[in-house]
Amino acid sequence: MAYEITDDCLNCGTCADECPSGAITEGEDRYEIDEDKCTECGTCVEVCPNEAIVEK
């Protein structure tokens, strides 16, 4: 299952800081997940304070 970051993203960077594979980077409007690097561990979902990361 792949994840995506929704428009609810607060741009706080928590997900990127906690991502063990470095798959999350800052985009223009919100953070983005590189599907090629993502291991689908779910850490980003667990740490997002605004529940802005969801399954695709």
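Values quoted throughout were computed directly from the atomic coordinates according to the rules given, and no laboratory measurement underlies them. Keep in mind the model is a prediction, meaning the values are calculated, not measured. Cβ coordinates were reconstructed from backbone atoms using ideal geometry, including for glycine residues, and neighbour counts include every protein chain displayed.
A compact table of results
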read-out: Every residue from region 42-56 that is under 8 Å from the mean Cα position of the chain (by Cα) and under 13 Å from Met1 (Cα atoms); value: Val45, Ile53
read-out: Flag for Cys38 being assigned to a helix (DSSP H, G or I), free of Cβ contacts under 8 Å to residues at least 40 places away in the same chain and not β-branched (Val, Ile, Thr); value: no
read-out: Any pair with Cβ under 8 angstrom, 6 or more apart, that starts in region 9-27 at a residue that is touching a residue at least 40 places away in the same chain (Cβ under 8 Å) and within 12 Å of Asn50 (Cα to Cα) and ends at one that is basic (Lys, Arg) and surrounded by 12 or more Cβ atoms within 10 Å (Cβ to Cβ); value: Cys9/Arg30
read-out: Filter result for Thr39 (of a type in the set (Val, Ile, Thr) and within 11 Å of the chain's Cα centre (by Cα)); value: no
read-out: Residues located in region 11-26, provided they are among the hydrophobic types (A, V, I, L, M, F, W, C) and over 19 Å from Lys56 (Cα atoms); value: Cys12
read-out: Every pair of residues 6+ apart whose Cβ atoms lie under 7 Å, when the first sits in region 45-56 and is surrounded by 12 or more Cβ atoms within 10 Å (Cβ to Cβ) while the second is among the polar types (S, T, N, Q); value: Val47/Thr14; Cys48/Thr14; Ala52/Thr6; Val54/Thr6
